Amino acid sequence: MKKLTSIQELETLRNSLNQKRDTGLPTISVCGGTGCSAQGSDEMREAFKSLIKEKGIKANLLFTGCHGFCENGPLVVIGPKKVFYNQVKAEDVPEIVEKTLLKGQLVERLLYVDPATKKRVEYEGDVPFYQKQQRLIFGLNGKIDPAKIEDYIAAGGYKALEKALSRMTPREIVEEVKKSGIRGRGGAGFPTGLKWEATRKAHGDLKYIIANCDEGDPGAFMDRSLMEGNPHSVIEGIILAGYAIGAREGYIYIRNEYPLAVKNTLIALAQAEELGLLGEKILGSDFSLSIIVNRGGGAFICGESTALMASLEGKAGEPRAKYIHTSERGLYDRPSNLNNVETLANIPHIVNNGSKWFSSVGTEGSKGTKIFSLVGKIKNTGLIEVPMGITLREIIYDIGGGIKDNKKFKAVQTGGPSGGCLPESLLNLKVDFDELARAGSMMGSGGMIIMDEKNCMVDVARYFLGFLAEESCGKCVPCREGIKRLLGIVTKITEGKGEMGDLDLLERLGSAVCDASLCGLGQTAPNPVLSTLKYFRDEYVAHIKDKKCLAGVCKPLIHYYIKDNCPGCGLCVKGCPVQAITLHGKKKPATLDQDLCTKCGACFDTCKLNAVEVR
């Protein structure tokens with residue numbers, strides 16, 4: 001395609017693309033996200049391509065981004081009716097082609113089965129996982145090929161850029177973003193419009209716009225999937241932000257462990273530049289902007305704005321004091337604006353539809369939708385996009401399908417490793433920035449880890465403190481030493497060596513680390529231990545007073561025993577990796593040598609007769 005030199009040419013291209021598309025043709029949408037690709041969707045795509053060509057079938061084949069329902073992938077959706085097939089393999093493709101494409105019939109065995117009704121669900125919109133979602137940002141993920149800019153443009157992409165360059169001044173865009181009430185999706189939840197306004201007003205001929213895709217939370221993959229499946233939505237948001245604040249240079253900071261996101265982003269940038277949507281005099285206007293991809297080295301601390309900017313400059317990723325605002329002196333000591341990629345993907349919608357439309361979704365203090373990764377002990381793992389204000393119960397049970405293996409829900413951790421663990425009593429809590437903060441947790445970037453009765457909350461706090469102790473950059477003493485000290489005390493408790501005075505010490509030390517740390521990592525690092533002390537104190541007391549781990553997780557406090565009802569079948573013997581179990585003949589209980597036992601739990605997991613117990 002030739003370079004576009006005016007807004008009119010872009011609109012003409014969009015109309016031409018839509019006119020050439022035969023909307024009556026069936027569309028085969030194959031999920032090409034990282035999760036589905038790992039399970040063979042690449043091979044499935046090739047199988048579809050080969051068979052369609054062989055049989056002369058006219059159809060649109062799309063290899064899209066993540067559809068969200070990762071638990072049941074690989075996914076295939078057949079349009080225009082949106083027939084929903086899950087757990088599809090390459091060997092299923094001939095049957096889908098023969099029945100669905102050629103005869104209009106359903107492949108019953110590939111349909112989703114609703115666990116509640118036991119009925120097969122034919123269409124994507126009827127799958128319970130999607131019914132309470134509001135997919136404003138992820139809406140195009142299953143409808144476009146991320147490697148084809150034509151798909152994004154035909155679907156209305158870059159219309160917001162047209163509107164901004166032709167009918168809006170930079171000040172008007174900033175005001176519209178302010179009025180929308182959108183807050184940053186990267187963790188802190190700072191009002192985006194205020195940040196833009198400060199950068200726009202800052203003195204300096206050269207300003208920078210930066211997109212943060214350095215997602216380091218365990219179990220989080222929202223930003224990665226957005227950049228894999230719809231990079232142009234973020235790029236358009238960056239261009240609009242650059243126009244609004246007066247930036248001429250932009251950066252996308254992507255974690256290097258996201259190869260598909262990096263690949264698709266580089267393709268998208270090259271296509272946008274070739275079309276004249278990036279570079280000098282965009283669409284014939286006086287506005288110019290270039291964007292560079294920078295691959296992050298995997299440091300969790302580089303999710304913090306000033307540490308990220310230091311990394312962009314080639315320095316160690318360390319934060320700096322906040323009395324110097326990045327809007328005035330950020331990257332290379334020049335005015336800089338940093339937004340999370342999900343925040344930027346919202347901007348085209350705000351410009352296109354207006355602030356009133358956007359602010360009509362959500363709560364008083366938290367507008368719009370939010371993307372969450374739903375992982376852990378939950379039936380429907382994956383990515384969801386829901387309106388702010390939805391309850392934890394709706395997310396976990398209506399969308400997530402409830403707890404795996406009919407176990408009892410215990411806690412949900414929101415906000416990543418620096419978030420808090422919330423109990424069953426708070427399941428009706430509305431999910432927004434302020435409500436989560438009041439409960440002792442945080443929105444964070446959007447990770448949600450679900451835990452059941454088999455999770456020890458003391459051990460959970462130990463795990464996340466260990467992660468944060470390793471990821472601390474070590475620049476300030478409260479964070480560097482304080483997290484290590486918190487970790488040491490909690491570890492001592494999990495080993496049965498704790499004292500009741502440790503609980504008061506954890507609370508006082510945690511409060512001090514929060515108050516005195518330099519950046520957000522240290523200021524929120526005590527949340528896992530403080531929230532578990534608040535809501536699950538009985539588990540700490542059991543570890544200290546009774547020398548028991550109620551969940552049977554902390555190895556120094558548990559022992560495995562073979563009960564008298566053991567029939568001597570030998571399954572536990574086969575499962576034991578250290579040969580600690582001895583058989584004494586048929587219908588006679590086996591015995592377990594406590595000196596040899598490593599407490600791995602293999603005997604408990606392999607026994608089918610409930611003859612092994614933990615106490």
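Do we find a residue being closer than 25 Å to C66 by Cα and at pLDDT below 95 anywhere in region 267-278? Looking through region 267-278, none of the residues is closer than 25 Å to C66 by Cα and at pLDDT below 95.
Each residue in region 459-488 was checked for being β-branched (V, I, T), farther than 19 Å from T414 by Cβ and surrounded by 22 or more Cβ atoms within 10 Å (Cβ to Cβ), and 1 of them qualify. Answer yes if at least one residue in region 69-77 is aliphatic (A, V, I, L, M) and surrounded by fewer than 17 Cβ atoms within 10 Å (Cβ to Cβ), and no otherwise. The answer is no, given that none of the residues of region 69-77 is aliphatic (A, V, I, L, M) and surrounded by fewer than 17 Cβ atoms within 10 Å (Cβ to Cβ). In the set (1) under 21 Å from I384 (Cβ atoms); (2) modelled with pLDDT under 95; (3) surrounded by fewer than 18 Cβ atoms within 10 Å (Cβ to Cβ), G446 fails one condition alone, (3).
K574 fulfils the conditions (1) surrounded by 15 or more Cβ atoms within 10 Å (Cβ to Cβ); (2) free of Cβ contacts under 8 Å to residues at least 60 places away in the same chain except for a single criterion, (1).
Only a single criterion out of (1) at negative phi; (2) modelled with pLDDT under 95; (3) more than 28 Å from the chain's Cα centre (by Cα) is not satisfied by G520, namely (3).
Looking only at region 458-467, decide whether some residue is at positive phi and small (G, A, S). Within region 458-467, not a single residue is at positive phi and small (G, A, S). Of the helices (runs of 4 or more DSSP H) lying entirely inside region 469-573, those containing at least 1 residues that are basic (K, R) are 477-494, 501-516, 527-535, 537-541. Evaluation of W357 against the conditions (1) within 16 Å of the chain's Cα centre (by Cα); (2) surrounded by fewer than 22 Cβ atoms within 10 Å (Cβ to Cβ) shows that the sole unmet condition is (1). When L308, L277 are screened for being assigned to a loop (DSSP other than H, G, I, E, B) and buried (at least 24 other Cβ atoms within 10 Å of the Cβ), only L277 passes. In region 599-615, the residues that are over 15 Å from K454 (Cα atoms) and hydroxyl-bearing (S, T, Y) reach residues that are modelled with pLDDT of 90 or more and surrounded by 13 or more Cβ atoms within 10 Å (Cβ to Cβ) with C-beta atoms within less than 6 angstrom, at least six apart or across chains, in these pairs: T606/L571; T606/C572; T606/G575. For region 522-551, a residue qualifies if it is of a type in the set (A, V, I, L, M, F, W, C) and more than 20 Å from V412 (Cα to Cα), and the qualifying residues are V541, A542, I544. The set of residues from region 464-518 being of a type outside the set (A, V, I, L, M) and touching a residue at least 60 places away in the same chain (Cβ under 8 Å) comprises F464, F467, E471, S472, C473, K475, T494, E495, G496. Exactly one residue among F433, F409 is under 18 Å from the mean Cα position of the chain (by Cα) and either modelled with pLDDT under 95 or not small (G, A, S) (or both), and that residue is F433. Among the residues making up region 239-254, those that are buried (at least 24 other Cβ atoms within 10 Å of the Cβ) and under 20 Å from the mean Cα position of the chain (by Cα) are I252, I254.
Condition first: in contact with a Gly (Cβ under 6 Å, 6 or more places away or on another chain) and either buried (at least 16 other Cβ atoms within 10 Å of the Cβ) or within 30 Å of Y152 (Cβ to Cβ) (or both). Can you find one or more residues in region 318-334 that meet it? Yes.
Listed here are the residues, each with its yes/no results for (1) more than 24 Å from K89 (Cβ to Cβ); (2) touching a helix residue (DSSP H, G or I) at 6+ places or on another chain (Cβ under 7 Å).
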{"site": "E108", "(1), (2)": "no, no"}
{"site": "D114", "(1), (2)": "no, yes"}
{"site": "K119", "(1), (2)": "no, no"}
{"site": "V127", "(1), (2)": "no, no"}
{"site": "L136", "(1), (2)": "yes, yes"}
{"site": "Y158", "(1), (2)": "yes, yes"}
{"site": "M168", "(1), (2)": "yes, no"}
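Kindly indicate whether K148 is surrounded by fewer than 18 Cβ atoms within 10 Å (Cβ to Cβ), charged (D, E, K, R) and over 19 Å from L226 (Cα atoms). The answer is no for K148. A count restricted to region 591-615 and to residues that are within 12 Å of Q579 (Cβ to Cβ) and either touching a helix residue (DSSP H, G or I) at 6+ places or on another chain (Cβ under 7 Å) or not in a loop (DSSP other than H, G, I, E, B) (or both) stands at 3.
Among the residues of region 315-357, the one identified as among the aromatic types (F, W, Y) and within 21 Å of D214 (Cβ to Cβ) is Y332. Once region 393-426 is narrowed to residues that are closer than 26 Å to C514 by Cα and of a type in the set (A, V, I, L, M), the residue that is surrounded by the fewest Cβ atoms within 10 Å (Cβ to Cβ) is L426. Being of a type in the set (G, A, S), touching a Lys or Arg at 6+ places or on another chain (Cβ under 7 Å) and outside any helix (DSSP H, G or I) is a property that does not hold for G585. Exactly one residue out of K408, K379, K404 is charged (D, E, K, R) and closer than 23 Å to R224 by Cα, and it is K379. In the set (1) exposed (fewer than 15 other Cβ atoms within 10 Å of the Cβ); (2) farther than 30 Å from G303 by Cβ; (3) of a type in the set (D, E, K, R), the condition left unmet by D515 is number (2). In summary, V262 fulfils each of the numbered conditions (1) touching a strand residue (DSSP E or B) at 6+ places or on another chain (Cβ under 7 Å); (2) surrounded by fewer than 24 Cβ atoms within 10 Å (Cβ to Cβ); (3) under 28 Å from H203 (Cα atoms) with the single exception of condition (3).
The values are calculated or read from the model by the stated rules, or taken from the named source; none is laboratory data. Everything numeric here is computed off the predicted structure, so don't read it as measured data. Glycine also receives a Cβ, built like all others from the backbone with ideal geometry; neighbour counts cover every protein chain displayed.
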